[in-house]
1. Kirkwood Rh over Cα pairs of the stretch 197-296 into Stokes-Einstein at 25 °C, 0.890 mPa s: D in µm²/s?
2. Rounded to the nearest 20 debye, what is the charge dipole size of the stretch 216-265 about its Cα centre when +1 sits on each Lys and Arg Cβ and -1 on each Asp and Glu Cβ?
3. Might you tell me the accessible area per residue for the stretch 345-424, computed with a 1.4 Å probe and given in Å²?
4. For S82, enumerate residues with amide H under 5 Å from its amide H, sequence gap 5+ or separate chain, H modeled in the peptide plane.
5. Evaluate the charge dipole of the stretch 139-285 about its Cα centre and quote only its size in Debye, nearest 20, assuming +1 on the Cβ of each Lys and Arg and -1 on the Cβ of each Asp and Glu.
6. Suppose only helical runs count, i.e. DSSP H with n ≥ 4. What mean residue ellipticity at 222 nm does that imply for the chain under -39500 (n - 2.57) per run, divided by all residues and rounded to the nearest 500 deg cm²/dmol?
7. Calculate what fraction, in whole %, of the accessible area of the chain sits on carbon and sulfur atoms when a 1.4 Å probe is rolled over the protein chains.
8. Principal axis extents for the stretch 62-110, Cα atoms only, whole Å, descending order, please.
Amino acid sequence: MRLLYIVATYVLFALLFPVLCVYRKTRHGLMQRLGFYAPGALPEGTGPLLWLHGASAGDLLALAPMFGPLRQRFPGCRIVLSTMTDSGHAMARDRLAKQIDGVVYAPYDLWGATRRAVRALRPDVLVLEYTEVWPNLIRAAKRSGARVVMTNGRFSPKNVGKYRTLFGLIGNPLEDLDLLLMRQEEEAERARTLGAPPERVLTTGNTKFDALAAGPAPEDEALRSALGLTPEQPVWIAGSTHEGEEEILLQVYQRLRERWPTLGLVIAPRYVNRAERILALAKDRGLSAGLRSKGNPERAPVVVMDSMGELTRAYRLATVVFVGGSFTKRGGQNILEPAGQGKPVLFGPHMDNFRDSVVVLEGNGGLPVADGEALYTALKNLLENPDHLSALGAQAGATVRRISGASDRNAEAMAALPRREGSP
């Protein structure tokens, strides 16, 4: 059965290779993706090597809270991140460089590429996040003597049948995992249903919660100035918005400004290359609008964030937050990030990709709204009742703090695993 998977991956790779070479998210790092590393690409040292893999930039950020706990429990360890996307690689190289020892592109899940990568890195522990179940990579790591761990584990209920069929054809890679650290008990039960050894499945929570409750920083005021905001004015931040949502938000904003003329609106699109389009939408409505990258010199009431990595800090400047991707069929975006900054969070009905977050936050500082009219009514009520608004924000922040701690639990579970023979 494993042979079937090995053959199938090479056939599929041959078909997809031309696309992978030109697709904007995966067109760099070909040699590393094939398991070849130039001199100096990998960190040297004798301490245990912990290889943490996340598919994209957001996944790597969810792994970041584990760095400190892992270093405490694996003294002298080297932490290497791998990712599939060019944006994830760039983000890790720029934003996480001081916390890690190296970043590489993940190997394609080919028999040869994964074995070359494992021989080069010689990991003591391989950590795969979410549903990053790559059979050839898992098998190569196990054969090398490494421990293989899933963190923030999740299996969508609608895909359980597909996984069961696939595992029946190619063999069950979950049997090769030493630990499955799942986000919620129902997801742990799905892992057991799919054939994971029950004694290796633990419910430890979601590490992305651990990085959410950051306090004020000196850079906050610099960002406030760059956005053209003043400390006195109320600010509505719409984060991670998608195509089709900004028109709704701008319409709601115009209605709110009739009552609160000093209200500022910051729109942070999920993809910054849409910033100019959003700027044009605002101006078409007769609204003055500026860009964060230019410092909003006009001090326009609407400002579009066309920068990367600043949204969490921007949330700290907000009076109230709406999180996008939820008025479209994209399945939502991270509502716990602004909640961790102590802000009341509004979101639309389409939150399929963040159901666990909705369960945590709804009724605890999170407010679902069905459409633009409901959004207007909710914002109007909150702005009219600042004490209630403040109480909701405090409740949201307390909720995020209460569910944190997964990173420590995960590191503790990994440290309890038997070490590779001869490992420090």
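The values are calculated or read from the model by the stated rules, or taken from the named source; none is laboratory data. Computed from a predicted model, the values in this text were never measured in an experiment. As a convention, Cβ positions derive from the backbone with ideal geometry for all residues, glycine included, and neighbour counts pool all protein chains shown. Ligands, DNA and RNA are stripped out before the accessible areas are found, and what is left, the full protein with its side chains, is counted by its heavy atoms. Shrake-Rupley method; radii C 1.70, N 1.55, O 1.52, S 1.80 Å.
1. 153
2. 260
3. 47
4. For S82, whose amide H was placed from the backbone, the distant partners under 5 Å are L52, H53, G54, V104.
5. 600
6. -12000 deg cm²/dmol
7. 55
8. The Cα atoms of the stretch 62-110 stretch 31, 26, 17 Å along the principal axes, largest first.
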